[in-house]
Structure formats: C-alpha cells, structure tokens
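Since the structure comes first, as structure tokens, the remarks are kept for the end.
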Amino acid sequence: MAASPLRVSGGTRRFGARGQQFTVFEGLDLEVEAGEVFVLLGPSGCGKSTLLRVIAGLDELDEGTVAIAAEEHGRDVGIVFQQPLLLPWLSVRENVTLGLNYDANRSADEPGLVDRTLAEFGLTELADAYPDELSGGQAQRVSLARTVVTRPRVILLDEPFGALDPLTRRNLQQWLLGIQQSLGLTVVMVTHDVEEALLLGNRVALMSPSPGRICRTWELSSESREARPMADLREEVLQTYAEVARLAPGNTSGFAAGL
Amino acid sequence: MIGRPPAQDDRRDARGRSATGVLTAVGYPLLGAALLVVLWWLAIKLFVEPGSFLSAFAPDRGARALVDLVGDGTLNRHVIASLKRILVGLGIAAVIGIPFGLALGGLPVFSKTIGPVASFVRMVSPLSWTPLAIIWFGVGDQPVYFLIAIGAVWPIALSTSAGVAALDPQWLMLGRSLRASRVELLRTIVWPGIRADVLTGLRLALTTAWIILVPAEMLGVDSGLGYFILDSRDRFAYSDLVAAIVVIGALGFLLDRAAHYLLTPRRRTARRPARQRVTGPAEVALAEPGAREYRI
Ligand SMILES: Nc1ncnc2c1ncn2[C@@H]1O[C@H](COP(=O)(O)OP(=O)(O)OP(=O)(O)O)[C@@H](O)[C@H]1O
Ligand SMILES: [Mg+2]
C-alpha cells in the first residue's frame, strides 16, 4: 500500500484575538487512504469547512501538521465548494479549463484532457453553454470537473450537493460514485446528510463541536455493509450525531479557552 | 439614472428590436429635438427685434453657418483637434485611473490613506487647475490633456474601485484553490469580474471629459471647438457660434451613444443575475435559485 495521500496530525485552529480565542478544532487527527471516500459528518459550526480549507491550503493551522503525498503530475489537493462558483463570463469549457491555464497546473495538462473530462462529466453537449444557462446540478458538475481536470491527488468536497433538490442530489450522488470509482479518486467529503454519508462513504467520521474532534468513525467496507442491515447502521449514526449535536454551540457561544 | 445598457430592456424581441422599440429609440428623441428647435425659433421670433445682432442666433442662421463651415472644412479641423484631445486625455485618465481604482478597491490600507485625499482632490473643479496647468505645461495641447485627465480620472478610478470591492471574495478563494498566482488572479478573475464597471467608468469619464474640453480649449490653443467659440465671438460671427454649440452638443451625444454601444459588454458580465432557464438531460432541475446565485 502506498503512503496515505493525506494526513492531519494534531491539527488545531483558533480564531479571534488573544485572550478571547475561539478554538474551532484542537488536536485533530485524520488519515485518508488512497482511493477511498472519507465522509465527514458533523453539526453546523463544528469546523468542517475550516478543516477542508486548511487541507486545501486556503487557511493555516495554528498547531499540528497537514501532510500530503505529492503527485507526479497535477496538484496535491483540489476543493469543490458548496456553491459552484462558476465564472459567469466563461463558457462551460472555459470554466473547466480555468485551472489548467495557471502555471502551477500546467504539468497536469495534456492533449485531449479537457474533452475527455467534459465527456466523463456528461458536459460535452453543454461545453459552449454559459453558467446562467445551467441548472444547479449541471453547474455543480462543471465545478467538480474544473477541480478534477487539474488531477489533484485528493479531492475535497464541501457539501457539494447541499443546495440541490433531492432528485438531482440523488442522481449526482450515484454519478459521483461512478466517477470516483472509474478515476480512482481519493475524496474527502463533508455533508450534513447521513443518507449521503452512508451511500458514498468507505469511512464515515463524525466530528464533535467545541472544540472539533473526530469522535467516532464507521468503516463501511463491502463486507460490513452486508454483515449489518443498513437501517441499523443509519440509526446508530443518527443517534450518535444527535448526541454530538447537543454539544454544538449555537445557543452557547462556544468559547473553549482552557477546555 | 445614467445609461442603462439597452440590452437590459426586457421588451425587446429576439433580434433586439420591436416596432415600439424603433419608435422609442428614434421617433421620440427626434420629436424632442424638433420641439427644442421650434421653441428656440419662437424665442428668437418673439423676443428679438428683426435686424438686431441677436437674430444671428436663430436656428436657421445657425444651420446655414453650419453648412458653410462643414463645406469649407473649417469645422472639421477643429472637430478633429478636439477629438484627439479627448482621446489622449481619456487615455491618460484610464492609464492612471484603472490601477488607482484597483488599489483603492483592493488594498484597505491604501484606500484608508489615500481615499480621503482623493475625495478632496476630486471636489476641486478640474478647471481650477488651469493656471497651474499652464505654469507646469506651458501653452498648447498639454495643459488641455492635463485638465481632461484630471477630471476624467475620477469616474474611472471610482467605478474600478467599486467593482473590485463588489467582487465576490469566493471567486478569489476559488482562484487560490486552483493555485493561481497573484498576477493570474488579476488577469483571469479580477479583471473580467470588474470589466463592466471599468467600462461604465470610461463612459462616465467620456462625458466628463467632453464637458471639460470646451472651456479647457479656450486657453492657449488655436484649434478645437472651444477655441472656435471664442474665435467666432471675436469675429462677431454669432451664427458660427451657434453652429459650434450645436456641433458640441451633437458630438457629445454621439460620443456617448458610441461609448454605450462599444463599451457595453455583450458577453455575460459579472453582475447580471442568472436567467431562470433550466435545460438538462434526465436530471430534474428544480434547483434552489440560491445554488447559482452570484453574490454581488
Ligand atoms: N475566518 C474566520 N474567522 C473567525 N471565525 C471563523 C472563521 N471561519 C470560521 N469561523 C468560525 O469557525 C467555526 C467553524 O466554522 P466552519 O465554517 O468550519 O463550520 P462548519 O462545520 O463547516 O459548519 P457548516 O456545517 O454550517 O458549514 C464557526 O463557529 C465559525 O464562526
Ligand atoms: Mg461548512
């Protein structure tokens, strides 16, 4: 087995000025295996997006380390946000190509890559359309393609289907599963949706709030899927989730100095 | 309200024109112009004694003068001189105003420090700089360029800065997540994102420049429409003066229209909200509007 592509050790992130600091997460450990879908569940505000931003290099840890095994071609991590964030003045094809035009990703490019990616993401017909002509689900596919085309070793998805209607969401989940398997992607995905977590995840981790930590992990190998009725598992995850959510800030302000 | 781009008119058909559209676009303005001429003519008729020197200001006299001036090429020379000054002045204003606006909108420290000073300078009428301009640059085209530029730089800088401030910070985060360098961010996200604002600024700047041009040309130059007005007065050629005023108004109007046409981006811009059109294979697209709303 190759070295794990992503490892966070003792990750701590605080916000705010000294004296009244707010600890989002503290001493957080996380390891993701190549080719797996690692799903992160957790109540609102427990720091999931912050953690993804840290892993993506858009924010920095106060303590601890993020280790990402380097890929030969392409970049290390790519992130897909909850909003598609398509640039409205670019066509679908141009949006997908955006990252490849940056010097840092040039080495990921090769002839035919964009066309191939458009085809894989079912966007060939829409290549010349503009974002305001797309449905929400199509836009989110473009957003995914834009990240995948730069060939990151690990792809971070922050509630990518959160804003979609249930049916589109379902379709995209199935489709993501297919893409993930055929391209052998390593995925870290944040969601609030337990169903989605159980459908997509090889491992599902539950994050507790204030300060955030991974408090429980479920393995969902194909054997364990068969050994246990899904409903049973879902019940257990939901129950743990509810227990954890009771700790969530929201009514309390969540200051964790000294805890 | 200053110039909403015509493309936003909802009533137009697929070709962008409709019968009422043509009437609105051409008929009403012509009617307005005709009304103005009639009032003008009536005023002269009613209040000016025949034979008085003021009768030279009548529209028919002005029109005749205009034909003559165009015919013998006099006006063309002045018009060309004026247009050249406008272009150079605007060019200088853009070269200074766009980077200045980028800094104002993008660098908080810069805008906190320089912003108040800039508003102070902006409030000084450009023509107040005339004596200084002549001391600095001597007589000739240069002080005119300077006066135009110092007036036109503000609309450009302020529109640019407003555009930068209104850029969705998430776009920048997206760019960084794709590992864009600062220059790449500027080129592929900031600039296209604010282009519409910069163009709006240029349009406003053109109007400002045109208004500054005429008085600026009344100093130390021997060509241009401003110069021609003074020259007509000195020659007691009041009909020529009328012709010059008409030309100034008409050219300004045409320039503004042309700027509208040329500087209104036809491609989708950052600000236009998404159309609620939904196409799509298989998938049912009842997406929440929020999913593809680009925050302003
Ligand atoms: N830049 C910031 N400055 C200060 N506080 C921040 C910042 N970013 C996030 N936070 C705080 O950190 C906490 C975690 O935020 P984060 O967005 O990571 O939560 P989340 O788990 O993704 O929540 P959700 O499920 O609602 O998206 C929140 O309390 C938030 O207010
Ligand atoms: Mg979040």
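So that you can scan it fast, the table gives a plain yes or no per residue for (1) closer than 15 Å to A:Arg213 by Cβ; (2) modelled with pLDDT under 85; (3) not small (Gly, Ala, Ser):
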| residue | (1), (2), (3) |
| --- | --- |
| A:Ala2 | no, yes, no |
| A:Pro5 | no, yes, yes |
| A:Gly10 | yes, yes, no |
| A:Arg13 | yes, no, yes |
| A:Arg18 | no, yes, yes |
| A:Gln21 | no, yes, yes |
| A:Val24 | yes, yes, yes |
| A:Gly35 | no, no, no |
| A:Leu40 | yes, no, yes |
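Would you be able to say whether some residue in region B:175-184 is buried (at least 20 other Cβ atoms within 10 Å of the Cβ), among the aliphatic types (A, V, I, L, M) and within 13 Å of another protein chain (Cβ to nearest Cβ)? Yes, region B:175-184 contains at least one residue that is buried (at least 20 other Cβ atoms within 10 Å of the Cβ), among the aliphatic types (A, V, I, L, M) and within 13 Å of another protein chain (Cβ to nearest Cβ).
With respect to the conditions (1) within 11 Å of another protein chain (Cβ to nearest Cβ); (2) more than 21 Å from the chain's Cα centre (by Cα), A:Ala127 falls short on a single one, namely (1). Looking across region A:74-104 at every residue that is in contact with a Leu (Cβ under 7 Å, 6 or more places away or on another chain) and assigned to a helix (DSSP H, G or I), the one that is nearest to the other protein chains (Cβ to nearest Cβ) is identified as A:Gly99. Does at least one position in region A:160-169 carry a residue that is away from ligand 2 (no atom under 16 Å from the Cβ), surrounded by fewer than 19 Cβ atoms within 10 Å (Cβ to Cβ) and either of a type in the set (A, V, I, L, M) or within 19 Å of A:Gly47 (Cα to Cα) (or both)? Within region A:160-169, one or more residues are away from ligand 2 (no atom under 16 Å from the Cβ), surrounded by fewer than 19 Cβ atoms within 10 Å (Cβ to Cβ) and either of a type in the set (A, V, I, L, M) or within 19 Å of A:Gly47 (Cα to Cα) (or both).
Among the residues here, A:Arg141 qualifies as within 19 Å of A:Leu85 (Cα to Cα) and either of a type in the set (D, E, K, R) or out of contact with any Phe, Trp or Tyr (no Cβ under 6 Å at 6 or more places or on another chain) (or both). Do the conditions hold for A:Gln140, that is, is it within 16 Å of ligand 2 (Cβ to nearest atom) and in a helix (DSSP H, G or I)? Yes; evaluated as a whole, the condition is true for this residue.
Within region B:133-166, the set of residues being in a helix (DSSP H, G or I), surrounded by fewer than 16 Cβ atoms within 10 Å (Cβ to Cβ) and in contact with a Gly (Cβ under 8 Å, 6 or more places away or on another chain) comprises just one member, B:Ala165.
Scanning region A:144-162 for residues that are under 19 Å from A:Leu100 (Cα atoms), more than 9 Å from chain B (Cβ to nearest Cβ) and not in a strand (DSSP E or B) yields A:Leu144, A:Ala145, A:Val148, A:Val149, A:Arg151, A:Pro152, A:Arg153. Screening A:Leu87 with (1) modelled with pLDDT of 90 or more; (2) within 10 Å of ligand 1 (Cβ to nearest atom) gives one miss only, at (2). Give region A:196-225 a look and list any residue that's at pLDDT 85 or above and either on the phi > 0 side of the Ramachandran plot or in a helix (DSSP H, G or I) (or both), or say none. Answer for region A:196-225, where residues must be at pLDDT 85 or above and either on the phi > 0 side of the Ramachandran plot or in a helix (DSSP H, G or I) (or both): A:Glu196, A:Ala197, A:Leu198, A:Leu199, A:Leu200. Each residue in region A:21-60 was checked for being near ligand 1 (Cβ under 7 Å from one of its atoms) and either within 18 Å of A:Val154 (Cα to Cα) or within 14 Å of chain B (Cβ to nearest Cβ) (or both), and 4 pass.
Just one of the listed residues (B:Ala209, B:Ala259, B:Ala180) is modelled with pLDDT of 90 or more and under 30 Å from B:Ala65 (Cβ atoms), namely B:Ala209.
Using the structure shown, decide if A:Met189 is within 16 Å of ligand 1 (Cβ to nearest atom), more than 14 Å from every other protein chain (Cβ to nearest Cβ) and under 23 Å from A:Val149 (Cα atoms). Taking the combined requirement at face value, the residue satisfies it.
The values are calculated or read from the model by the stated rules, or taken from the named source; none is laboratory data. As the structure is a computational prediction, the values presented were derived from the model and not from experiment. Cβ sites come from the backbone with ideal geometry, for glycine too, and all protein chains shown count toward neighbours.
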